[in-house]
Amino acid sequence: MSAAAGPYGAPVAVHQFIPTLNPHDATGTHTLLLRDILRQAGWRSEIFAEAIHDDLAAEAFKHWMYPDHATDGDVAIYQFSTSSAVAGYLLERDLPLILDYHNFTGPQHFAGWESLTEERATRAGVELALLAPRAQLGLADSGFNERELQRAGCRRTAVIPVLVDYGRVSALPDPRVAAALAALKAQGGTDILFVGRIVPSKAQHELVKALWAYRRLYDPLARLHLVGGTSSFDYLRSLRRFVHDLGLSSAVCITGEVSDPALAAYFSAADVYLSLSVHEGFGVPLVEAMAAGVPVIARGVGAVAETVGDGALVLASADPSYVAAAVQRVCADEELRRRLTSAGMRRMVAFSPDAISDRVVAAVASVAAP
């Protein structure tokens with residue numbers, strides 16, 4: 001095949017590789033938005049993945065199909081978020097590589113829960129150590145991630161935030177879900193929301209503890225909505241038992257993966273967004289909550305403080321009574337709520353695709369059009 005001309009006159013295509021392309025995943029959304037930006041800039045760009053969700057079957061190719069699309073001078077962008085056969089596939093090829101690093105949950109967070117997931121996380125660390133020195137450029141969602149890339153041996157790095165589709169939270173809410181949440185709201189009580197996979201590192205059990213304390217100290221009708229699928233079924237089963245043992249079965253809703261309109265309904269109904277994760281390389285739902293106008297409270301681990309800036313109340317501890325007091329303060333103090341939501345809306349502007357796209361193009365061009 002002949003090569004297409006890039007935006008700087010370089011005969012090059014910029015293709016993305018990703019372990020799994022999923023429509024409800026932050027890395028998958030970032031990859032789709034980045035492909036559109038690359039194409040708008042003038043590069044040919046396709047997505048190649050080890051696994052492709054059925055809903056996105058028309059948006060990508062299996063990674064082993066890349067030779068059917070290869071041209072001289074191609075550049076590869078690898079969306080690194082977990083271990084994958086794609087890493088080995090790229091290591092076997094002499095393609096100029098841009099490593100787009102979204103961090104991954106380390107094996108220590110799965111120890112005692114999911115041995116297979118723990119092993120996969122260990123492999124991810126090995127793959128990062130092999131890929132980082134090979135990369136001509138490392139892109140990181142945050143300074144926290146950039147430092148990890150540099151420790152892994154990446155020689156040239158840049159911080160460019162993850163691309164977020166704010167349509168997920170601004171979509172017309174699912175009327176059925178919205179009606180159910182409104183019926184609960186009519187009974188009284190605070191609605192606390194967390195969005196993320198049900199896995200040990202997201203620490204949903206800490207959220208349940210905080211709810212238990214909050215109901216006893218401040219609001220006996222408060223509810224907790226945990227929105228997201230799981231990749232750790234042992235942890236999910238234990239979490240459900242923990243909720244039952246604390247007598248909170250009617251107060252904790254574990255939704256599983258939901259559609260974008262349903263997600264919009266949960267954000268619309270939330271009084272506060274609460275995150276007690278023990279590991280965050282960026283934290284896309286934090287930005288989504290700010291975009292939805294929901295006041296955010298988050299434990300300050302990893303890149304959280306860097307992501308939220310002054311748009312959230314950042315906690316130093318997950319002690320249940322301490323977290324409960326923070327939730328009560330945000331829910332009861334109207335001036336604090338106003339300041340948090342206003343600051344959050346200002347903060348999320350820096351993460352809009354329009355604010356990021358030129359930086360991404362310039363970074364890619366430094367490799368794709370030397």
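The values are calculated or read from the model by the stated rules, or taken from the named source; none is laboratory data. Worth saying up front: this structure is predicted, and the values here are computed from it rather than measured. FYI the Cβ positions are ideal-geometry reconstructions off the backbone, even for glycines, and counts take in every protein chain you see.
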Any residue in the stretch 130-147 that is more than 28 Å from residue 263 (Cα to Cα), in contact with a strand residue (DSSP E or B) (Cβ under 7 Å, 6 or more places away or on another chain), charged (D, E, K, R) and not assigned by TED's automatic domain parsing to the domain that holds residue 270? yes
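Residue-wise test of (1) more than 22 Å from residue 259 (Cα to Cα); (2) crowded, with 21+ Cβ neighbours inside 10 Å; (3) not assigned by TED's automatic domain parsing to the domain that holds residue 268.
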{"residue": "196", "(1), (2), (3)": "no, yes, no"}
{"residue": "200", "(1), (2), (3)": "yes, yes, no"}
{"residue": "205", "(1), (2), (3)": "yes, no, no"}
{"residue": "214", "(1), (2), (3)": "yes, yes, no"}
Residue tally, condition touching a Gly at 6+ places or on another chain (Cβ under 8 Å) and surrounded by fewer than 21 Cβ atoms within 10 Å (Cβ to Cβ), over the stretch 316-348: 6
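Hey, could you check the stretch 10-46 for residues that are hydrophobic (A, V, I, L, M, F, W, C) and assigned to a loop (DSSP other than H, G, I, E, B) and say which is farthest from residue 104 (Cα to Cα)? Spell out the reasoning first.
The initial filter retains those residues of the stretch 10-46 that are hydrophobic (A, V, I, L, M, F, W, C), namely 10, 12-14, 17-18, 21, 26, 32-34, 37-38, 41, 43.
Narrowing further to those that are assigned to a loop (DSSP other than H, G, I, E, B): 10, 12, 43.
Details: 10: 33, 12: 30, 43: 29 Å.
By that ranking, first place goes to 10.
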Give the residues of the stretch 38-82 that are touching a helix residue (DSSP H, G or I) at 6+ places or on another chain (Cβ under 6 Å) and either surrounded by fewer than 15 Cβ atoms within 10 Å (Cβ to Cβ) or not assigned by TED's automatic domain parsing to the domain that holds residue 134 (or both), sorted by residue number. none
Scan the stretch 232-252 and give yes if some residue there is among the polar types (S, T, N, Q), buried (at least 20 other Cβ atoms within 10 Å of the Cβ) and over 22 Å from residue 297 (Cα atoms), otherwise no. yes
Out of curiosity, is residue 178 outside any loop (DSSP other than H, G, I, E, B) and under 30 Å from residue 363 (Cα atoms)? no
Give me the residue from the stretch 156-184 that is at pLDDT 95 or above and of a type in the set (Lys, Arg) and, out of that set, surrounded by the most Cβ atoms within 10 Å (Cβ to Cβ). 156
Hey, which of the helices (runs of 4 or more DSSP H) in the stretch 196-269, taking only ones fully inside, have at least 2 residues that are within 25 Å of residue 177 (Cβ to Cβ) and more than 24 Å from the chain's Cα centre (by Cα)? 204-217, 233-245
So which residues in the stretch 74-117 are among the small types (Gly, Ala, Ser) and either within 18 Å of the chain's Cα centre (by Cα) or within 20 Å of residue 149 (Cβ to Cβ) (or both)? 76, 81, 83, 84, 87, 88, 106
